[in-house]
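Got a structure for you, written out below as structure tokens; questions coming shortly.
The values are calculated or read from the model by the stated rules, or taken from the named source; none is laboratory data. Given the structure is predicted, the values throughout are model-derived calculations rather than measurements. Virtual Cβ from ideal backbone geometry, glycine too; neighbours counted across all protein chains shown. These accessible areas exclude ligands, DNA and RNA; they are computed on the full protein's heavy atoms, side chains included. Shrake-Rupley method; radii C 1.70, N 1.55, O 1.52, S 1.80 Å.
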Amino acid sequence: MTEHCDLNHAPIGVFDSGVGGLTVAREIMRQIPDERIVYFGDTARVPYGSKSPNTIIRYSRQIIRFLRTKNVKAIVVACNTASAFALETIKPELDIPIIGVVKPGAKVAAQTTQNGKIGVIGTEGTIRSEIYTKTIHRENKDAQVMGRACPLFVPLVEEGWIKDPVTVAVAERYLQPFKESDIDTLILGCTHYPLLRSTVREIMGEGVNLVNPAYETAVELRRLLSEQGIANDGKTKDGEEKYQFYVSDAAEKFMQFANSILPYDIEQTQLIPIEEY
């Protein structure tokens, strides 16, 4: 019995290629505030969007091996590219639940579209994989899905240029084809993109429903934890950190960014030699 109690108390492992997954961590903090989180950002090897599937699988395995040393009870792949290329390969290798960010967002888009026309923006890797199209078609086989890679969004967000005129101009250019089409739903298919939500909203107008996979993933995680009976009862042990952050490079820059978007301030971020895992 004690083992199960310990399991309830164990943290959730969350990983991403960099800082984008912090939008997922932020939603988990909001939706399931009792849960502890161990976050890993692979800042040395970002971006994943342009890398081959084999490389992304190798990176993901290393990160999961590291997270397992922290005794996590479940893992969230808070990266669309890794969700697209690594999740299905890695899932059978694990004895704990693992979820990605693609399925929850795709499902909601498929269920809520009125006219069956759905847009997806993401990294080159995510769009090339057509993972959103495939997942949406499982839910709604008649949906028309239009994807577009927006590779400049990530560096603009990481530069902190969220409301900058340059970012607005880039967004207008990327989103123009969607405006000309008749989509009623747009998936923000990269974990950085929710930070540009208000810009995208202004360009696309109120008539287009924006789906934030970070939010949908947190909701899905909450459901999964309660279904498996491993949700945290909210008790934190003395001297224990509720949220821990690890990166493979540039800890200082990561911390500045994290503190600009998370609901509370991070005191420290530890550097991990991820290649050793």
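Would you mind telling me the share, in percent, of accessible area of the range 71-120 contributed by carbon and sulfur at probe 1.4 angstrom? Numbers along the way, then the final one.
Working: 830 of 1730 Å².
Carbon and sulfur: 48 percent of the exposed surface of the range 71-120.
Sort the range 94-173 into rounded, prolate or oblate with this rule: let a ≥ b ≥ c be the square roots of the eigenvalues of the Cα gyration tensor; rounded if a/c is under 1.5, and if a/c is not under 1.5, prolate when a/b is larger than b/c, oblate otherwise. Intermediate results must be reported in sequence, preceding the final value.
Numbers: a/c = 2.39, a/b = 1.44, b/c = 1.66.
Taking the square roots of the gyration eigenvalues as a ≥ b ≥ c, the range 94-173 is oblate.
When the solvent-accessible surface of protein heavy atoms is calculated with a 1.4 angstrom probe, in what order do L195, L22, L152 fall, highest first? Working shown, then result.
Numbers: L195 25, L22 0, L152 90 Å².
These residues rank, largest area first, as L152, L195, L22.
Next up: If you roll a 1.4 Å probe over the heavy atoms of the protein chains, what accessible area per residue do you get for the range 1-79, in Å²?
Values: 2660 Å² over 79 residues.
That works out to 34 Å² for each residue.
Is there a quick way to get the dipole size of the range 125-271? I mean about its Cα centre, with the Cβ of Lys and Arg at +1 and of Asp and Glu at -1; what is the value in debye to the nearest 20?
Values: 16 positive and 23 negative charges, 72 e Å.
Charge dipole of the range 125-271: 340 debye, to the nearest 20.
Would you mind working out the accessible area per residue for the range 82-158, using a 1.4 Å probe, and quoting it in Å²?
On the way: 3540 Å² over 77 residues.
On a per-residue basis, 46 Å².
Continuing with the same structure: Would you mind getting the accessible area per residue of the range 228-269, heavy atoms of the protein chains only, 1.4 Å probe, in Å²? Present the calculation step by step, with values, prior to reporting the outcome.
On the way: 2480 Å² over 42 residues.
Using a 1.4 Å probe on heavy atoms only, each residue of the range 228-269 averages 59 Å².
Let me make sure I get this right: for the range 203-277, a, b and c are the square roots of the gyration tensor eigenvalues over alpha carbons, sorted descending. Under 1.5 in a/c it's rounded, otherwise prolate if a/b > b/c, else oblate. Which is it? Spell out each step's value before the answer.
On the way: a/c = 1.91, a/b = 1.18, b/c = 1.62.
Oblate shape, in that a/c is at least 1.5 and b/c is the bigger or equal ratio.
Please work out whether the range 97-254 counts as rounded, prolate or oblate from its C-alpha gyration tensor, where a ≥ b ≥ c are the square roots of the eigenvalues and a/c under 1.5 means rounded, while otherwise a/b larger than b/c means prolate and anything else oblate? If you can, show how the numbers build up before the last one.
On the way: a/c = 2.21, a/b = 1.28, b/c = 1.72.
Since a/c reaches 1.5 but b/c is at least a/b, the shape of the range 97-254 is classed as oblate.
Another question about this same structure. At a 1.4 Å probe, what is the % contribution of carbon and sulfur to the accessible area of the range 125-277? Provide the component values of the computation, followed by the final result.
Values: 3840 of 8110 Å².
Carbon with sulfur: 47 percent of the solvent-accessible area.
Run the numbers for W161 and R61: contour at 0.36 nm per residue of separation, minus the present Cα-Cα distance, in nm. Don't skip to the end; give the middle numbers.
Numbers: separation 100, 0.36 × 100 = 36.00 nm, distance 3.22 nm.
Computed gain between W161 and R61 is 32.8 nm.
Can you match Rg/Rh (Cα atoms, Kirkwood Rh) to one of these, [x] 1.05; [y] 0.98; [z] 0.96, based on a calculation from the structure here?
Computing Rg/Rh (Cα atoms, Kirkwood Rh) and matching it to [x] 1.05; [y] 0.98; [z] 0.96 gives [z].
Could you pull out the pairs from K91/K253; K91/K134; K51/K103; K51/K91 whose alpha carbons sit more than 27 Å apart here?
From K91/K253; K91/K134; K51/K103; K51/K91, over 27 Å: K91/K253.
For the range 202-241, take the convex hull of the Cα atoms, compute a quarter of its surface area, and give me that in nm², please.
Working: hull surface 20.6 nm².
The directionally averaged projection comes out at 5.1 nm².
Now a separate question. Using a Förster distance of 35 angstrom, determine the FRET efficiency expected from the C-beta separation of D249 and Q114, and round it to 0.05.
Details: r = 44 Å, r/R0 = 1.26.
My answer for the efficiency is 0.20.
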